[in-house]
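One structure below.
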Amino acid sequence: MKKKLLEYFIKYVKIDTMSMEGQHQIPSTMKQFDLAKVLVKDLEELGLEDIKLTENCFVTATLKSNCNSKCHIGFIAHMDTIPGFSGTNVCPNVIENYDGNIVKLKGIELNPKQFPFLKNLIGKTLITTDGTTVLGADDKAGIANIMTMLYYFKNHKDVPHVNIHVAFTPDEEIGGGIDAFDIEGFGCDFAYTVDGGDYKDVEYECFNAASAQVTVKGLDIHPGSAKGQMKNASLIAMEFNHLLPIEERPEFTDGYDGFNHLCGMKGEVGQAELFYILRNHNKAILNRQKNDFYNAMEFINKKYGENTCTVEIKDSYSNMAEKIMEDPRCLDRAYQAIKKAGFLPTSTPIRGGTDGANLTKRGLNTPNLGTGGYNCHGPYECACLEEMENVVHILIEIAKE
Ligand SMILES: [Zn+2]
């Protein structure tokens, strides 16, 4: 099984599936079909039914229960890699029996001092990049794990299992791809994304998220005759930012602490704009953060005149914990499976969103499972084959009837 897992993984990471921001169609890049077509072929080889590849580049397939189970469980992983760092010509570097020392790659090194988790991987099989690309373990480790679970059931026909539905999806990294996913057609009681890190972690809490655009209108006058008249929008925008709580910036927060993140600004004398994202696991506190923006706006407008400052806040996604807690079968099943596989389950709050948050909001409870990957979204990305194998065992336990 381990050999098959490695074979799937290496094959998938070598296929370039970078997604691209700012596109108006799903998938954002046609090359995601290259992997989708390979997956269709591999699913055919495994004898799955109802294999579909949609025009939006969703691959779905079913392995029907071999024991008349009424339970339908979904397993989901995304095919794309981030747009921000190259995923072209990935050359995976497989290090068997890793010795715990610095791994030298082209131009960079994986140093256990910088990445202490490496010390836990001594004696295991470490898979790294060559230093010039991402590895794409995010989320091809998830895909390989799911495929290997299917491979297991193909070769263990005597093991009773539920109806297993799999979906491989485009454009997770740029957000929005999952909007085109047909939840009803998928037909599951609940599902899991296999897109996390730690193999024994079940993630079901994510941020509530909003974005804010602050626009400041100034009054541009020749600086030589500006006295008592000029309103410098850039300076007023800076003043606006100072009215927000300093300790609620990303660099001062972790765990369950939310933040306001200034992710962009444009400014001249006549007009300035500030772009923020607002995040909190707790909806009430997120609302308080939103109010901080409105209060700051009021203060600025009192000081500089009506309509100097406007704030536009939009909600983007919400914490899936609330919905999952209404029907926690998916959590119970995952925790049980992790224990049966011989591990102690953990749950850490996600400091971001997931496709699962979108699906959960739309009615399909979908917590996130680990993959065995590390350091995603850059050249330091790597994966541990044995930890990926642990995930496969957990997926098998989830799917067993
Ligand atoms: Zn991912």
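Couple of notes before you dig in:
- Cα gyration tensor category, rounded, prolate or oblate, for the stretch 208-316 with a/c compared to 1.5: prolate
- With Cα atoms, 0 to 90° folded angle of helix 233-242 axis to the chain main axis: 60 degrees
- Of all DSSP bridge pairs formed entirely within the chain, close to 75 percent run antiparallel.
- Counting only the Cα atoms, the chain fills a convex hull of 158 Å³ per residue.
- Tilt relative to the chain, helix 329-340 - C-alpha long axis, 0 to 90 degrees, to 10: 50 degrees
- The value for the stretch 140-286 of Rg(Cα) / (2.2 N^0.38 Å) is 1.67.
- Computed on the stretch 208-316, with alpha-carbon pairs under 8 angstrom and 6+ residues apart, the relative contact order is 40 percent.
- Most mobile of N301, N89, N208 in a GNM of the chain (Cα contacts under 10 Å): N301
- Averaging the sequence gap over all C-alpha pairs within less than 8 Å and six or more residues apart, then dividing by the number of residues, gives the chain a relative contact order of 23 percent.
- Under the combined filter of DSSP loop state and at most 14 neighbouring Cβ atoms within 10 Å, the stretch 338-401 retains these trypsin sites (Lys or Arg not before Pro): R362.
- Applying the Karplus relation 6.51 cos²θ - 1.76 cosθ + 1.60 with θ = phi - 60° to the stretch 277-292 yields 3J(HN,Hα) values of 10, 10, 9, 6, 5, 9, 5, 4, 6, 4, 5, 5, 4, 4, 4, 4 Hz, where x marks Gly and Pro.
- The chain: calculated mean residue ellipticity at 222 nm from DSSP helix runs of at least 4, using -39500 (n - 2.57): -9500 deg cm²/dmol
- Between helix 385-399 and the chain there is an angle of about 80 degrees, using the helix long axis and the longest principal axis of the Cα atoms.
- Over the stretch 127-243, Cα pairs under 8 Å with separation of 6+ residues give a relative contact order of 16 percent.
- Gap separating the Cα centres of the stretch 19-91 and the stretch 134-163, nearest whole Å: 13 Å
- Counted charge near H377, where neighbours are those whose Cβ lies closer than 10 Å (Asp, Glu -1; Lys, Arg +1): -3
Every number here is computed from the coordinates shown, using simple stated rules; none is lab data. Since we're looking at a predicted model, the values are computed, not measured. As a convention, Cβ positions derive from the backbone with ideal geometry for all residues, glycine included, and neighbour counts pool all protein chains shown.
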